[in-house]
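Here's the structure, in structure tokens; my notes come after.
The values are calculated or read from the model by the stated rules, or taken from the named source; none is laboratory data. These numbers were taken from a predicted model, which means no experiment stands behind them. As a convention, Cβ positions derive from the backbone with ideal geometry for all residues, glycine included, and neighbour counts pool all protein chains shown.
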Amino acid sequence: MTAVNEWAFIGIFLAVAWVLPAAPLLVSWIFRPRRANAIKMQTYECGVETVGDTWVQFKVQYYIYGLIFLVFDVELVLLFPWALAYNQLDFFAFGAGLLFIFLLADALVYAWRKNALEWA
Amino acid sequence: MENTGLSLVTVVLFLPLVGFSILLFIPDAQSRNIKYTALGTSLVTFALSLVMWANFDAANPALQMVQRWEWLPQYGIGYYVGIDGLNMIMVVLTTFIMSIGILSSFNAHVIQERGREKLYYLFMLLLQWAMIGVFVVQDLIIFYIFWEVTLVPMYFLVGIWGGEKRVYAAVKFFLYTMAGSILMLLALLYVGTQAGTFAVPEIIAGIQAGTISFPLDGLFSTQSILFLGFFIAFAIKVPIWPLHSWLPDAHVQAPTAGSVILAGVLLKMGSYGMIRFLLPMFPEASVAWAPIIALLAVIGIIYGAWVSFAQTDMKKLVAYSSVSHMGFIVLGIFAMTSIGIQGSIIQMVNHGISTGGLFLIVGMLYERRHTKDLAAFGGIWKAMPLLGAISLVVVLSSMGMPGLNGFIGEFTILLGSMGSTVLGIGFTVVAALGIILAAIYMLNFFQRIFMGELDKEENKNLPKLEWNEIAVLVPIVVLAIWIGLQPAPFMNPSDATVESLVAQVVPDTTTVAQLPEAGQGE
Amino acid sequence: MLQLPSLETLNMGAALPAISIAAWACILLLIDLWIPKDRKILTVYLAAGNLVFAFIANLLVFNQSGDSFMGMYVADQFSGVMNLIIIGTALLSIVLSFDYLKRVGIERGEYYVLVLFVTAGAMFMAAANDLILIFVALELLSIPLYVLSAFRAPDIRSEEAGMKYFLLGAFASAFLVFGGAMVYGATGTTNLNEIAASAGMIIASNSSTSLFLLLGAALLLVGLGFKVAAVPFHEWTPDVYEGAPTPVTAFMSVAAKLGGFGSLLRILVVGMSAVTMTAGEPAVWQNVVAILAGLTMIVGNIVALSQANIKRMLAYSSIANAGYILMAVAAAGSPGLANEATRGALVYMLAYMFTNMGAFAVVIAVERANGGADLEHFVGLGKARPMLAIMMVVFMMSLTGIPLTGGFIGKALVFATTLNAGLVWLAIIGVLTSVVSAYYYVRVIVNMFLRDAEASTEEATPGYSTGVQWVAAVALGGTVLLGVLPTLITVLTDRVSLVASITP
């Protein structure tokens, strides 16, 4: 019997998972205006009006910048607590942190040398 | 006496490989050196195999000149060679036929045409090594290794230097035989892992002592399935009807020496395997299946003879006659009498000699006329009297004329199957019919080629026989007559071993089969 | 609460071969930046030197078993043999790559660094005794492989290969993680030994927990099944193998399999071998793995029949070979057979490594000489380049399982354990598909020797490069040596015992 009960949770979870996203869709489908008009066909129904082509090309450097930024962003999350607890940590934790910094530096030097930081 | 120095068997086995290595270092252009190195190797091997025969103790049924080395000891696999009455004469046959095969290809047209002469002789020596290995090895895995290795050179011999449809024939040959042998691999792995060793004499001893047993209750129990695993591999090699369809293709497409070796030795690997492995390892299953196999053998005898008669292609005719002759050998084995098995062994030698001879003759005619069509010939006796006379002897030997070797084999086999306790008399009667059919198709073959008027212009000025052609035909004729008149020296070596083998398989019938000296005297 | 380990408890020395490769890869990445473009051979030497060092180090510590990283990494004879094979693969493929990269103009130092990373990943996978380390190692193995597949970047098929491999690989990783999570949920641990200790009890209790454990094991199997290209998780293989640069194909067809099977054997044999319904019976996963093995052999071999491109054919053949190794894995599920089956699988993998690297070396040489790797490009090779063609014959024979080659020894051992495990039907599928495989391997030989080229192969056959020559020769030597003197490797594999590490 226990097995049935445990499985029941999954069933309930599934039902809720379907109902929650479906409900707002259903409600808006009921209340939405049926006929399209000029304002409705705009990209954004409110706010700024769009200008120009949607297919704007970004410079490829942008992505590389983005990636490197992300690396440092995540690095901070890990290094910050490490730095805070620095006084209470033993040699092992120090070594682990050092290894982590080495790997990041490794990647940074690589990116630097490959001219990833130049905005040419 | 194990492990002290090299056994003569090991020397005979590895000599072709020595020749192979020497040949590797001879430049491609030195055609003469290549040929004579190959021939020299095969002749020395032949001579040493004769020495082996001379040192062989015929009264001893056990393995002799044994040599064992470890290879994969933790799995019970090892290099284990030795000779006894069953394989000694097969080794001599192999070395003999190989010498003939190599000598006969000295001025073969295809080799000059397609080139790669060195590769050809390399494959010949590799094939010789593998074939001797199949006969002398006493370990299941190593046996399988040699068995499969024979495929590779034969595949290339047919595929590179064969006739028009050589690729088709080569691939068919390869796949057909591989399909059979890989089932055997499973069966032998099972036997070996159950027994804890792959050494055949030890397995047989275990079966005799009852420490290893494969239950047999009904036609499809463990022992039967293992039996079939081995049997199908051997049956494809022999070939037994209805598994023969690769044979005509391979024979017709192979170069002359390839056909000679195929008929002379390769087919015997199947029938040898039956005697060496099937009977002692699965005695009960062998007895249970004997009537069915004998039936297939008899069908093969009649079918092969019948189809052979209808051929217009010389090579195909000889190929189908092989199916018929090999049927006799299988019948003799599954008669399970010592006379029958001895007859089969001697008939293997006879068939190697006479069918090998036929293929040589066909090859020589083909070299001169570039056709294998029977209708293109007629009256050749007048153009080439020597070849005609030799052919007459070989044809008569093949059809079982008394006084020649074929008669000895077929007669002993029929005698053996008549005295068999596991087969009925009907098999013998129908098989005897096969001898009559053989006379018909063989004489038809001879008559259409050599007799009649020399009416075709192209046949009038055929070149005379070359020295090497005479050199290969003469030993064949000599042996055919020698065995026909004096079979005892050729049959005695297998006496003791076959006796003890039959005693193992059908313990209660050994005495029944003792027809007094019938096969051996004149 | 959290006991931080000291350097002694880490015992990194036991993992030295793998660690040295991973660390050196990081450093080499930087060193390479200052190596001028026309002297990239230096990078090759530095990478190869590291591999040789790791190889020797591995041999030296071969007999010393030990744990590193608190039981996450097990250095035993199993990982010892696996490391030898993996490092061998990496060495051969680096030598194979150098000329190729130069020829197609994608010579970049990162290539060798990525190869080193993959090597380290595969080595960690084979030695990982913890679900978490297995996952990390799998990623270390996979991600560089995605990059390597797309290394010939402007080439559209190479890009497609990289993309496809990345998407499906990520998908497979997700399965692996999910499966690991379920197993953790059921047993409360990620350590394989501890899983083994509690798995038996969980199954015996027959509660819903056992269901989670089984489901988790199944998902792990799916995840690793993707990596080793087992049917039905093989769909990516032919496209990726064909599109990737040829040396990469050679490398990943072996390295990814080695890593995948290393982990699979550890998870199933160490972690799950006690998962039986009744004591003394085969493990419950045996039938599942056996069915996968059967399907893999059938589909791999039959689809390979119709391939006209040798790279694609070898891709399907690698699927089929995964099936043969899976046979041994299935056999390992029978009580008392785990060690024998593992040894068989190891010998098979070594034989496959030599044979496959050799075959790809020949393919690279032919690609270079004749401009492609279709069956047609092999026509007349026997006349134009006899040595190359004869080598290819040996490799094809080895893949078929003809004796005197390593392939035969591998197959014989695998079939033997399968028979011992009582999986006769599986062994029969194995041999029948071997016959099928003979057809397409022999077809290569037919094209090389039995068909004559229409004259044109004589011109434009630049001699193949020394690197490729060396790899083909070494692979030939390995294949034949393993076939003639298998004791050389069984001396090592005989010491492998995976189950010994379970002490419940």
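Considering only segment C:409-425, state which residues are more than 7 Å from chain B (Cβ to nearest Cβ) and either surrounded by fewer than 24 Cβ atoms within 10 Å (Cβ to Cβ) or not aliphatic (A, V, I, L, M) (or both). Those that are more than 7 Å from chain B (Cβ to nearest Cβ) and either surrounded by fewer than 24 Cβ atoms within 10 Å (Cβ to Cβ) or not aliphatic (A, V, I, L, M) (or both): C:G410, C:K411, C:T417, C:T418, C:G422, C:V424, C:W425.
Return yes or no: is B:G426 at pLDDT below 85 and crowded, with 20+ Cβ neighbours inside 10 Å? No, not satisfied.
Kindly provide the set of residues from segment C:376-395 that are touching a Ser or Thr at 6+ places or on another chain (Cβ under 9 Å), closer than 15 Å to C:Y440 by Cα and not in a loop (DSSP other than H, G, I, E, B), ordered by number. Answer for segment C:376-395, where residues must be touching a Ser or Thr at 6+ places or on another chain (Cβ under 9 Å), closer than 15 Å to C:Y440 by Cα and not in a loop (DSSP other than H, G, I, E, B): C:V394, C:F395. Set side by side, the residues B:M336, B:M348 differ, and just one is touching a Lys or Arg at 6+ places or on another chain (Cβ under 8 Å), buried (at least 24 other Cβ atoms within 10 Å of the Cβ) and of a type outside the set (S, T, Y), which is B:M348. Number of residues in segment B:295-331 that are small (G, A, S), crowded, with 24+ Cβ neighbours inside 10 Å and more than 22 Å from B:S417 (Cα to Cα) equals 2. Is segment A:91-102 home to any residue that is surrounded by 13 or more Cβ atoms within 10 Å (Cβ to Cβ), within 14 Å of another protein chain (Cβ to nearest Cβ) and part of a loop (DSSP other than H, G, I, E, B)? No: zero hits. Being over 26 Å from C:I94 (Cα atoms), buried (at least 21 other Cβ atoms within 10 Å of the Cβ) and modelled with pLDDT of 90 or more: is that true of C:G180 here? Spelling it out, C:G180 is indeed over 26 Å from C:I94 (Cα atoms), buried (at least 21 other Cβ atoms within 10 Å of the Cβ) and modelled with pLDDT of 90 or more. From the list C:V444, C:V496, C:V435, the one residue that fits, being away from chain B (no Cβ under 11 Å), closer than 24 Å to B:V158 by Cβ, buried (at least 18 other Cβ atoms within 10 Å of the Cβ) and at pLDDT 80 or above, is C:V444. If only residues of segment C:30-48 that are surrounded by 14 or more Cβ atoms within 10 Å (Cβ to Cβ) and under 17 Å from C:I106 (Cβ atoms) are counted, the one that is nearest to the other protein chains (Cβ to nearest Cβ) is C:D32. Filtered by the rule that a residue be over 20 Å from B:I132 (Cα atoms), not β-branched (V, I, T) and not in a helix (DSSP H, G or I), segment B:6-56 gives B:F25, B:P27, B:D28, B:A29, B:Q30.
Report whether or not B:L433 is out of contact with any Cys (no Cβ under 6 Å at 6 or more places or on another chain), in a helix (DSSP H, G or I) and within 26 Å of B:I89 (Cβ to Cβ).
Taking the combined requirement at face value, the residue does not satisfy it.
For segment C:229-242, indicate whether the set of residues that are in contact with a Pro (Cβ under 9 Å, 6 or more places away or on another chain) and not assigned by TED's automatic domain parsing to the domain that holds C:A320 is non-empty.
No: zero hits.
Does C:L84 satisfy the criteria of being among the hydrophobic types (A, V, I, L, M, F, W, C), crowded, with 24+ Cβ neighbours inside 10 Å and assigned to a helix (DSSP H, G or I)? Spelling it out, it is not the case that C:L84 is among the hydrophobic types (A, V, I, L, M, F, W, C), crowded, with 24+ Cβ neighbours inside 10 Å and assigned to a helix (DSSP H, G or I).
Evaluation of A:Q88 against the conditions (1) within 14 Å of chain C (Cβ to nearest Cβ); (2) touching an Asp or Glu at 6+ places or on another chain (Cβ under 8 Å) shows that the sole unmet condition is (2). For segment C:332-350: of the residues being over 21 Å from C:H234 (Cβ atoms) and among the hydrophobic types (A, V, I, L, M, F, W, C), which is surrounded by the fewest Cβ atoms within 10 Å (Cβ to Cβ)? It comes out as C:L337. Of all residues in segment C:32-53, those that are among the charged types (D, E, K, R), in contact (Cβ under 8 Å) with a residue 12 or more places away in the chain, in a helix (DSSP H, G or I) and closer than 17 Å to C:R103 by Cα total 1.
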